[in-house]
Every structure is written in C-alpha cells, then in structure tokens.
Amino acid sequence: MAVITLTTDLGTKDYYVAALKGNIYKELPDVSIVDISHDIDKYNIAQAAFVIKNCFQDFPKSSIHILGVRPEKTESIDHVLAQYKGHFFVGADNGIFSLIFDHPPEKVVALNIRESLEGINFPTKDVFVKAACHIARGGTPEIIGNAKNSINERTNFAAVVSPSSIRGFVIYIDSYGNVITNITREVFNEVGKGRGFSIAFGNSRYTLNEIKNQYIDSVEGELLALFGSSGYLEISICAGNAKELVGLHLTHSVTIIFNDR
C-alpha cells in the first residue's frame, strides 16, 4: 500500500486538510495517508523542514511526502518533485528541500501539472496531490515534470565555532517546551575534546555544566541539557516546560563556553 504524508501549516480548524485527503482518496481509495503535522507556524519553511527531516526516514522507502508550506509558484520558484534517499518529496522549490536534504537529491523535476482555474489558490491540493498520486500509482517523475539540475538553496545558519566556544541559536521548540538548538553532538565533541563547560542561554540567569543522557536522568522540574533524538542540543525540564522557565524563543542564542585545560 502506498504511503502519502502531509506536512502543512493549514491547521485543523478549517476544511483545507479534509479537502487534501478527500482528493487523495478519490484517486487512491486504498492509500495510507499520514499526518506528520498541520501545526507548522504559518509560512515557516524552516520549521516544516526540521519536522520532516527528523521523521521521513522512519517511513518505508518510496513513501511520498507532500510539503504544503508556502506552496506558491513564481517566476523563480517551481513546483517540483524530488527523489532523495528512496523517498519522494512534492512541494514548492522555495528552499525547503535544501533544508531537508544533506546532499543533492538523486532526481528532481519541475512539475508541468496545470492548476485548474478554480484551484489556482490551493496548489497543495490541485498540484501536489496529483503529483503524489501519480507516483503512488507507479508513475515516473518524467511523465509529470521536466528535469532540473538543482534546487533552490536556503541558508541554514550553522553554529559559530571558536577553539573555546560554540555559539548557536534556537531553531525549534516542541509542544513539550523543549528548546532545540542548532548545536550538534558532533560539533560539541569536536570542539570540546572532553573539557568541562558551561551553557548559557540568551539573557537568562540560568547556566548548565552537564549534559544528560535522557530526560529522566534529572529530578522532576530540573533544568537540563541533552542531545535529543534529532541529534541537536536541547534545553529541557524533566516533566516541565523549559521555554516558559528560561524565556527562550526562536533565534535566541545559546552559548557553550569550554574550560581551559
């Protein structure tokens, strides 16, 4: 059975998500539709990319992922279908693919599916769904698109590194209030080299000098740092909300200062 996933900023209050699913089922009654998230902040491409990047490989190969955030087509932004690590991704080439993929996709085509006059303001339904269903039926990308050599790049700012420090920033806050930074375990180990350290957050009075292995390594209500399932450094509270306690928001800085030997 084909798997089609949906990641959008449409929310669940309106009829939009139901319309997407209805159109998929009309074409493929036996398809499996999975809602990854419809609670992406409006127009937030980076947030959508973070969410899909951290879960798409948990799905079977050949799954088709519809990305319905900022789906508009312009003179510089095509509607595309990309193949990457055995998965298919359908969306607007607005930079979101470059944030999801760690290397260029194996294949990418600019879709030539025409939107209906009635659906010109809903390309996720009238273009992306049609492309996804085509692939789910066993169709090839070349039938519905023209080959492209590259995708549009969008800068994913990396942590700033010096011999004695790493300065990153908040890239995502999950529904538990866990604050996720752009500092990876690999960068931490490479710069830290086993040295002691302190972690400071923006203008907060709190600092941490230990990284836990899991949330329950702390007592309930205690502030902690750990590398989460995404591989990025998180500031969390055991059974609590770190965002509310330390007042961190998206793009706020998080700095690790390493001790001299």
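The values are calculated or read from the model by the stated rules, or taken from the named source; none is laboratory data. Small disclaimer: the values here were computed from a predicted structure and weren't measured. Neighbour counts run over all protein chains shown; Cβ positions are idealised from the backbone, glycine included.
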Item to complete: For the stretch 165-209, enumerate the residues that are within 19 Å of S229 (Cβ to Cβ) and of a type in the set (A, V, I, L, M, F, W, C).
Response: V170, I171, I173, V179, I180, I183, V187, F188
Response to the item:
Output for Cβ contacts, cut-off 7 Å, separation at least six or different chains, first residue closer than 12 Å to A136 by Cβ in the stretch 25-44, second modelled with pLDDT under 95, reads D30/M1; V31/M1; S32/M1
Discussion item. Checking the structure you have, find out if any residue of the stretch 157-169 is closer than 20 Å to A48 by Cα, outside any loop (DSSP other than H, G, I, E, B) and outside the structural domain of Q83 (by TED's automatic domain parsing).
Written reply: yes
Worksheet item: Is there a residue in the stretch 198-206 that is among the hydroxyl-bearing types (S, T, Y), within 18 Å of D174 (Cβ to Cβ), modelled with pLDDT of 80 or more and more than 24 Å from the chain's Cα centre (by Cα)?
Response: no
Item to complete: Inspect the stretch 51-60 for any residue being more than 22 Å from E153 (Cα to Cα), in contact (Cβ under 8 Å) with a residue 60 or more places away in the chain and not acidic (D, E) and give the result as yes or no.
Response: no
Practice prompt. For the stretch 72-98, name all the residues that are outside any loop (DSSP other than H, G, I, E, B) and within 13 Å of P123 (Cα to Cα).
Written response: H79, V80, V90, G91, A92
Item to complete: Filter the stretch 216-255 for residues that are free of Cβ contacts under 8 Å to residues at least 24 places away in the same chain and closer than 19 Å to N54 by Cβ and give the result.
Response: L226
Discussion item. Please pick out the residue among S236, S230 that is small (G, A, S), touching a Leu at 6+ places or on another chain (Cβ under 9 Å) and either crowded, with 17+ Cβ neighbours inside 10 Å or not in a strand (DSSP E or B) (or both).
Written reply: S236
Discussion item. Can you go through I171, I120, I144, I151 and tell me which one is modelled with pLDDT of 95 or more, farther than 22 Å from A2 by Cα and in contact with a helix residue (DSSP H, G or I) (Cβ under 8 Å, 6 or more places away or on another chain)?
Written reply: I151
Item to complete: Would you confirm whether any residue within the stretch 20-39 is buried (at least 19 other Cβ atoms within 10 Å of the Cβ), at pLDDT 95 or above and within 19 Å of I151 (Cβ to Cβ)?
Response: no
